[in-house]
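Structure first, commentary second.
Every number here is computed from the coordinates shown, using simple stated rules; none is lab data. Just so it is clear, the model here is predicted, and its values are computed rather than measured. When we count neighbours, we look across all protein chains shown, and the Cβ atoms used for this are built from the backbone with ideal geometry, even at glycine.
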Amino acid sequence: MTSHEFGMALRRLREATTPESVGLPATARRVRGLRREELGDLAGLSADYVRRLEQGRSHPSAAVVDAVARAAGAPRAEYERLAALAGYAAADGQVPTDLGPGVVRLLERFPDTPMFVADAAMNLLAVNGAFQALGHWDRTGEEWEWNIAWRSFCSPFATFQQGEADAADHRSVLVARLKDARLRYPTDASLAALVDALRTGSRAFDALWRAPRPVTAYESSATFLSSDGEPVTLVGNLLAIPGDDLGALLLTAAPGSADASRLAEVVDGAPGPAVVEVGQIGPG
C-alpha cells in the first residue's frame, strides 16, 4: 500500500467525523467534518503533520495510526483498514461476528423480503423468516457450509440458478469482499484458512483472486426453486452495515410482476421465526 492511499482514507475519515461526535462544539464552519487542527489536537499531532499525512508526503507509525483513529472515534473496521493501508497489522484483527440490536431490527422489519446478514468473511450469521421460506440453504456437513463464497465456488446450491453474466458479477463481488477483508483483518487465522481452501478447491476462485474483475454493482439476479418446484427470480442487493462491518443482502422482485406474486405465496405459505441466527465461523 502507498502513503497516498492512507492519506486519502485519513482525509475521508476526518471529513466524515462530526465535531459533536468527538466532544467539540458544533460551531458554524465552512468545511465538512473536523479541521486538520482539531484532529491534530485530539491526536497529539500538528496540523501540518496531518496535512502531510493526507497528502501522502509522510508515512505514519503504528502509534500515529492508532492516535488518529482513536481521536476521530473511528469504528473498529475503519481503524483496521487504516492500519492495513499503512502496512501494519491491527491489534486483535479478527472479523467481527456480533449481531447488534440494530441488525436484528433490520431483519425483523422486512418480513416479506428475503434477507440475510453475513460478516466480512462472507459467513452467514442470521436470516429472516422470508429467507427461510425460500428453503434455499441446504446443509452439507462441510466445514465451510455457512460461507457464501465457499457455497458459490465449491459447493453450489441445488435450488439456486444464475445466468452467465449474473454469476460472473456475483463471483466478482465475493472475491472483492474477501480481498478487502484480508486487507483489514490480516491476522484472522480463520479467514486466511478460508481463502487458502477456496484457492485450493476452486480454479475459478484462484483465477479471480490473482486477477480480480472490477465490481461495478453489488447486485445480481438469480432463480430460486422452492420446495414445490416452482421458480421465482429475484434480484439480490448487498448493503453495507459499516459500524458492525457486516453486510445485508435483500432479495426482491419487480413490483407487480409474476415473480413478486410468487414470492408472496412462498413467504405466506411458510410462517416461522422472524429472525434466526445461523452458521458457524471457520472450520469445526
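Dividing the summed -39500 (n - 2.57) terms of all DSSP H runs of n ≥ 4 by the residue count of the chain sets its mean residue ellipticity at 222 nm at -12500 deg cm²/dmol.
Quick one: net charge around residue 261, please, counting Lys, Arg +1 and Asp, Glu -1 for every other residue with C-beta under 14 Å from its C-beta. For residues surrounding residue 261, the net value is -4. Taking 25, 271, 156 as the candidate residues, the one with maximal mean-square fluctuation in a Gaussian network model of the chain, Cα springs under 10 Å, is 25.
For the chain, a simple Cβ point-charge model (Lys and Arg +1, Asp and Glu -1, everything else neutral) yields a dipole of about 1340 debye relative to the Cα centre.
Please report the net charge: other residues with Cβ closer than 14 Å to the Cβ of residue 132, K and R +1, D and E -1. With Lys, Arg at +1 and Asp, Glu at -1, the neighbours total -4. Taking Cβ atoms as reference points and 15 Å as the exclusive limit, the residues near residue 34 contribute a net charge of +3, counting Lys and Arg as +1 and Asp and Glu as -1. Working from Cα pairs under 8 Å separated by at least six residues, relative contact order for the range 45-184 is 19 percent.
Determine the relative contact order of the range 101-277: mean sequence separation of Cα pairs under 8 Å and six or more apart, normalised by residue count, in whole percent. Value for the range 101-277: 30 percent. Residues considered: 26, 197, 217. Largest GNM mean-square fluctuation over the chain, using C-alpha springs under 10 Å, is found at 26. In terms of overall dimensions, the chain has a Cα radius of gyration and Dmax of 21.3, 66 angstrom.
Cα axis of helix 62-71 to longest principal axis of the chain: angle in degrees, 0 to 90, nearest 10? It works out to around 80 degrees.
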